[in-house]
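Mind having a look at this structure? Questions to follow.
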Amino acid sequence: MGSHLHAEWPFATSKKAQESPRPFLEKTLADLEPLANNSFSGTMNNVVEFSCQGCEERVKVLLKAIEAKHHAACLTCGLRYRAEKVDDGWMFYPDEPPFNCDSCGNKTYVASGRVKVGYEFPCRSCGRKFVIVRSDWRYAPLEKLDQEAEPK
Ligand SMILES: [Zn+2]
Ligand SMILES: [Zn+2]
């Protein structure tokens, strides 16, 4: 393989140039190998992507993993999802109970791994802040909690 590669390489007469293409080629092959192992027909088709409802980051999951487990999890915030097959792909539903905002009525999803007494989180829609007040996921708006804490 070496001879015709070198013939096309314009700087083949320089010793330094002879050495430099080889590490480059090896690095490229090493970079490609993991992708090739994961895929028969095209890497992009084997990855499903959706927006996390807990943190709005993109969640990428291997199709094989979803088909096997019907579950996915956001690597950024830890929110878990139930995956359901639909006609042209997959639908992901948060697999944790949402918090309903007192002010705007919208749901906010918080990963259960983060839910503990004292954990504060904002409403995804209106930004109102809530705090977990009991270990069974009872929560209260932050402002109201402050008022109630004042003895009268
Ligand atoms: Zn997330
Ligand atoms: Zn709200």
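For region 93-106, does any single residue satisfy the condition of being away from ligand 2 (no atom under 16 Å from the Cβ), assigned to a strand (DSSP E or B) and either surrounded by 15 or more Cβ atoms within 10 Å (Cβ to Cβ) or modelled with pLDDT of 90 or more (or both)?
Within region 93-106, one or more residues are away from ligand 2 (no atom under 16 Å from the Cβ), assigned to a strand (DSSP E or B) and either surrounded by 15 or more Cβ atoms within 10 Å (Cβ to Cβ) or modelled with pLDDT of 90 or more (or both).
Let me ask something else. Just need a number here: residues in region 77-133 that are basic (K, R) and under 19 Å from C52 (Cβ atoms).
Here the count works out to 5.
To continue, here is another question. Out of all the residues in region 59-79, is one or more more than 15 Å from ligand 1 (Cβ to nearest atom), at pLDDT below 90 and of a type outside the set (A, V, I, L, M, F, W, C)?
no
Here's something else I'd like to know. Does at least one position in region 5-28 carry a residue that is assigned to a loop (DSSP other than H, G, I, E, B), hydrophobic (A, V, I, L, M, F, W, C), at pLDDT 90 or above and not assigned by TED's automatic domain parsing to the domain that holds R124?
Within region 5-28, none of the residues are assigned to a loop (DSSP other than H, G, I, E, B), hydrophobic (A, V, I, L, M, F, W, C), at pLDDT 90 or above and not assigned by TED's automatic domain parsing to the domain that holds R124.
While we're here: Test V131 against the stated conditions and say whether it is without any contact (Cβ under 8 Å) to a residue 24 or more places away in the chain, more than 16 Å from ligand 1 (Cβ to nearest atom), part of a strand (DSSP E or B) and surrounded by 12 or more Cβ atoms within 10 Å (Cβ to Cβ).
Answer is yes for this residue.
The values are calculated or read from the model by the stated rules, or taken from the named source; none is laboratory data. Computed from a predicted model, the values in this text were never measured in an experiment. Please note: Cβ atoms are built from the backbone with ideal geometry, for glycine as well, and neighbour counts cover all protein chains shown.
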